[in-house]
Amino acid sequence: MELLRHTNIDFMKYRKFWIIVSVILMAVGVIAIIGAFFGFEPLNFGIDFAGGIVMEVRAPQPPDLSDMREHLSGLGIGEVSLQSFGDPNTILIRLPQQEGGEQGQQVAISKVRTALGESWEYRRTETVGPKVGAELVKNAILAASLAMAGIFVYVWIRYAWQFGMNALLAMIHDVVTTLGLFSLLGWQFDLATVAAILTVAGYSVNDKVVVFDRIRFEMRRYKTMSMTDIVNLSVNETLSRTTVTAGLTLISVIALFLFGGEVLRGFAIALIWGITIGTYSSICIAAAGLLGLRHSKIRGDDKAQEPGKGAPQHGA
């Protein structure tokens, strides 16, 4: 199945523009990461990472969040965060970490229950200590780093160091820009989001391997063709496959976003962005990054064909 056949798009003509866009996106993500390490918390960490108390409650009728926030803030349990969760009647209550250990957490929970009354439905209550949250942050960073390192080693062995280096840069680009998006829009960042990022890393490298495989094939086939023409030719030849794969995956993830509920919304958002930015980085970061590097060993030691012979136009 081919939606785009015999395209002749000069992607590499705009590679400087792609680089500028990517640098801006990555800068936002880097600021978010640095801020998280130094306690500025530009990321809206979920209960998994930030620690504290989260309560999912349901009212008999849609409550007034302003009155509810003012009422709960007077209990002496710190700043209370309220958020509609799925429907107007369901509210997610977040409380900061309380002093006094586990007993202090239970006292705060009891105060909230007493303030709301018995007419409310208490669906779930979770508490996470600051040490557990810090441990989860470290484990999440370690998991992402090991995943990207493993993918880098595979691509390096399977192709060459030039391909491995560009695949790694593109994956870092995808992960960092995802963090930047969550930071800018204030979306909750939790363990489900980390799982989505790891999924995106695997999905992204699959697309890059397809493009790399075509580039390597064309490099050995047309040894006198310029790298710019080879990259453009290869990207155009794989464009239909990339479009169909990304499009079908996005349809499934969008359905998950629309009908999966609030619990899976952050996971779905990260996947939607990751698939989109991963497809972009396959062309504009990973493929374009090969230009200017030495590729004589990849092209092989055969005698180069005469200039102009067998060199097709893009998309041929």
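The values are calculated or read from the model by the stated rules, or taken from the named source; none is laboratory data. These numbers were taken from a predicted model, which means no experiment stands behind them. Here Cβ is always computed from backbone atoms with ideal geometry, including for glycine, and neighbour counts include all displayed protein chains.
Does Ile91 satisfy the criteria of being outside the structural domain of Phe259 (by TED's automatic domain parsing) and either on the phi < 0 side of the Ramachandran plot or at pLDDT 80 or above (or both)?
Working: outside the structural domain of Phe259 (by TED's automatic domain parsing): yes; either on the phi < 0 side of the Ramachandran plot or at pLDDT 80 or above (or both): yes.
Spelling it out, Ile91 is indeed outside the structural domain of Phe259 (by TED's automatic domain parsing) and either on the phi < 0 side of the Ramachandran plot or at pLDDT 80 or above (or both).
Out of the residues in region 247-266 that are surrounded by 15 or more Cβ atoms within 10 Å (Cβ to Cβ) and modelled with pLDDT of 85 or more, state the one that is farthest from Ser22 (Cα to Cα). Walk me through how you get there before you give the answer.
Taking region 247-266 and keeping what is surrounded by 15 or more Cβ atoms within 10 Å (Cβ to Cβ), we get 249-250, 253, 256-257, 262, 264-266.
Narrowing further to those that are modelled with pLDDT of 85 or more: 249-250, 253, 256-257.
Details: Thr249: 23, Leu250: 22, Val253: 24, Leu256: 28, Phe257: 26 Å.
Per the criteria, the residue is Leu256.
So which of Asp190, Asp174, Asp207 ends up being buried (at least 18 other Cβ atoms within 10 Å of the Cβ), of a type in the set (Asp, Glu) and farther than 23 Å from Val155 by Cβ?
Working: Asp174 fails: farther than 23 Å from Val155 by Cβ; Asp207 fails: farther than 23 Å from Val155 by Cβ.
Only one candidate qualifies: Asp190.
Name the single residue that is nearest to Tyr122 (Cα to Cα) among those in region 33-72 being polar (S, T, N, Q) and at pLDDT 80 or above.
Going residue by residue through region 33-72, those that are polar (S, T, N, Q) are 44, 61, 66.
Filter once more, so that each one left must be at pLDDT 80 or above: 61, 66.
On the way: Gln61: 14, Ser66: 20 Å.
By that ranking, first place goes to Gln61.
Filter region 78-89 down to the residues that are out of contact with any Pro (no Cβ under 8 Å at 6 or more places or on another chain) and more than 28 Å from Phe259 (Cα to Cα) and list them by number. First the steps, then the outcome.
Let us first name the residues in region 78-89 that are out of contact with any Pro (no Cβ under 8 Å at 6 or more places or on another chain), namely 80-87.
Within region 78-89, just Val80 meets the criteria.
State the number of residues belonging to region 214-226 that are surrounded by fewer than 16 Cβ atoms within 10 Å (Cβ to Cβ), touching a residue at least 24 places away in the same chain (Cβ under 8 Å) and either closer than 16 Å to Gln162 by Cα or touching a Phe, Trp or Tyr at 6+ places or on another chain (Cβ under 8 Å) (or both).
1
Mind telling me which of the residues Tyr159, Tyr154 ends up being closer than 30 Å to Phe217 by Cβ, among the hydroxyl-bearing types (Ser, Thr, Tyr) and surrounded by fewer than 16 Cβ atoms within 10 Å (Cβ to Cβ)?
Details: Tyr159 fails: surrounded by fewer than 16 Cβ atoms within 10 Å (Cβ to Cβ).
Answer to the selection: Tyr154.
Counting only residues that are surrounded by fewer than 16 Cβ atoms within 10 Å (Cβ to Cβ) and polar (S, T, N, Q), how many does region 227-246 have?
1
In this structure, does Leu142 turn out to be under 13 Å from the mean Cα position of the chain (by Cα) and either of a type in the set (A, V, I, L, M, F, W, C) or not in a helix (DSSP H, G or I) (or both)?
Numbers: under 13 Å from the mean Cα position of the chain (by Cα): no; either of a type in the set (A, V, I, L, M, F, W, C) or not in a helix (DSSP H, G or I) (or both): yes.
Criteria not met by Leu142.
Would you mind telling me which numbered condition in (1) touching a residue at least 12 places away in the same chain (Cβ under 8 Å); (2) surrounded by fewer than 18 Cβ atoms within 10 Å (Cβ to Cβ); (3) touching a strand residue (DSSP E or B) at 6+ places or on another chain (Cβ under 7 Å) Val80 fails?
Unmet condition: (2).
Quick one: how many residues across region 163-193 are of a type in the set (S, T, N, Q) and either in contact with a Pro (Cβ under 7 Å, 6 or more places away or on another chain) or not in a helix (DSSP H, G or I) (or both)?
Initial filter on region 163-193 (of a type in the set (S, T, N, Q)): 166, 177-178, 183, 188, 193.
Retained after the next criterion (residues that are either in contact with a Pro (Cβ under 7 Å, 6 or more places away or on another chain) or not in a helix (DSSP H, G or I) (or both)): 183, 188.
Qualifying residue count, region 163-193: 2.
Let me confirm something: among Val253, Val231, Val235, Val244, which residue is on the phi < 0 side of the Ramachandran plot, of a type in the set (A, V, I, L, M) and under 18 Å from the mean Cα position of the chain (by Cα)? Don't jump to the end; show me each part of the working.
Details: Val231 fails: under 18 Å from the mean Cα position of the chain (by Cα); Val235 fails: under 18 Å from the mean Cα position of the chain (by Cα); Val244 fails: under 18 Å from the mean Cα position of the chain (by Cα).
Within the list Val253, Val231, Val235, Val244, the selection yields Val253.
Only one of these is in a loop (DSSP other than H, G, I, E, B) and either farther than 30 Å from Val137 by Cα or not hydroxyl-bearing (Ser, Thr, Tyr) (or both): Thr224, Thr238. Name it. Outline the logic, then answer.
Values: Thr238 fails: in a loop (DSSP other than H, G, I, E, B).
On inspection, the qualifying residue turns out to be Thr224.
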